[in-house]
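Heads up: the structure comes next, in structure tokens.
No value in this document is a laboratory result; all are computed from the given coordinates. Computed from a prediction, not measured in an experiment: that's the story for all the values here. Using ideal geometry, Cβ is built from the backbone for each residue, glycine included, and neighbour counts are taken over all protein chains shown.
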Amino acid sequence: MAVILEARGLGKTYTTGPEPVVALRDVDLTVEEGTLTVVKGRSGSGKTTLLNLLGGLDEPTTGTVLVEGVDIHELSANELAEMRRKTIGFVFQTFGLLPILTAAENVEVPMRLARIDHEARRSRATALLEHVGLGGRARHRPHELSGGEQQRVAIARALANQPKLLLADEPTGQLDSRTGRTIIELILRVVREEGVAAIVATHDPTPMALADQVVELSDGRAIVDA
């Protein structure tokens, strides 16, 4: 299988306070296409920091992140935005849906940014909502959807531009255990059927049994259990 992401010697130190805070130390990670990687650890262990570095949302203090062989932190701001738009999909704990847009319109947002034409956007959004089991809810706005439904819309939106890498930060954190399992099973189905490489940061034990590899963060260091 092709390697989608490599992190080597990845570290992050924050220096905004009176004392430097080391969030990550010398993390190595390899992620292949069609695999699910789970990042676990206590609150404050560095899970969100790691995902932000892997997705180019933050700059590492040390180390490199390669996505399909490209060092993302060597890219210009425009090049990095283009990579995030086309290659990396993000799913957040808080869903992040735009309240004035319907489910279908929310899914279309990344495609609008990528300047995909209207008919293609509509067709892709419809297909994705069907894929996540929400074909009948396309015209509903977020406040008309349950938490689990909103998260499924967020997953559909993250897949809109057919990314190679899906990063999900505590995607079940606001959901009950049954709904959370449904979301994890959906992510796993996307991984297996579409060949996406997914990295899920979570406290939830459910995905750990389904993962191809588990990364445990402790005091900013990573232990990889493949």
Just to be sure I understand the curve: with the Debye formula and one point per C-alpha of segment 42-91, what is log10 I(q)/I(0) at q = 0.15, 0.18, 0.25, 0.28 Å⁻¹? -0.40, -0.56, -0.98, -1.17
Note on segment 110-151: C-alpha Rg/Rh, Kirkwood Rh, two decimals, gives 1.01
Segment 130-226 -> Rg/Rh from Cα coords, Kirkwood Rh, value 0.98
Counting only DSSP beta bridges with both partners in the chain, the antiparallel fraction in percent, to the nearest 5, comes to 55 percent
Quick one, could you list the DSSP H helices from the chain stretching 15 Å or more along their long axis (Cα atoms) with average Kyte-Doolittle hydropathy of -1.0 or above? 103-113, 147-158, 177-194
Ranked by how many other beta carbons lie within 10 Å on average, peptides 109-119, 3-13, 166-176, 93-103 from highest: 166-176, 3-13, 93-103, 109-119
Simple label model, 7 Å out from Cα along Cβ direction - Glu74 to Thr62, nm: 2.0 nm
Among trypsin sites (Lys or Arg not before Pro) in segment 22-92, those in a DSSP loop whose Cβ has at most 12 other Cβ atoms within 10 Å are Arg42
Between the residues Pro205, His140, Ala114, the Cα farthest towards the positive end of the dipole of segment 84-226, that dipole coming from +1 and -1 charges on the beta-carbon of Lys, Arg, Asp and Glu, is from Ala114
Radius of gyration and Dmax over the Cα atoms of segment 1-157, both given in Å: 17.8, 54
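Would you mind calculating the relative contact order of the chain from Cα pairs under 8 angstrom and at least 6 residues apart, reporting the percent as a whole number?
With pairs under 8 Å counted, the relative contact order is 29 percent.
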Take the alpha-carbon positions of segment 1-83, form their convex hull, and give its projected area averaged over all directions (one quarter of the hull surface) in nm². 6.1 nm²
For segment 74-124, count the residues as N, evaluate 2.2 N^0.38 Å, and divide the Cα radius of gyration by that value, please. 1.28
How high is the relative contact order of segment 145-226, given as a whole-number percent (alpha carbon pairs under 8 Å, six or more residues apart)? 27 percent
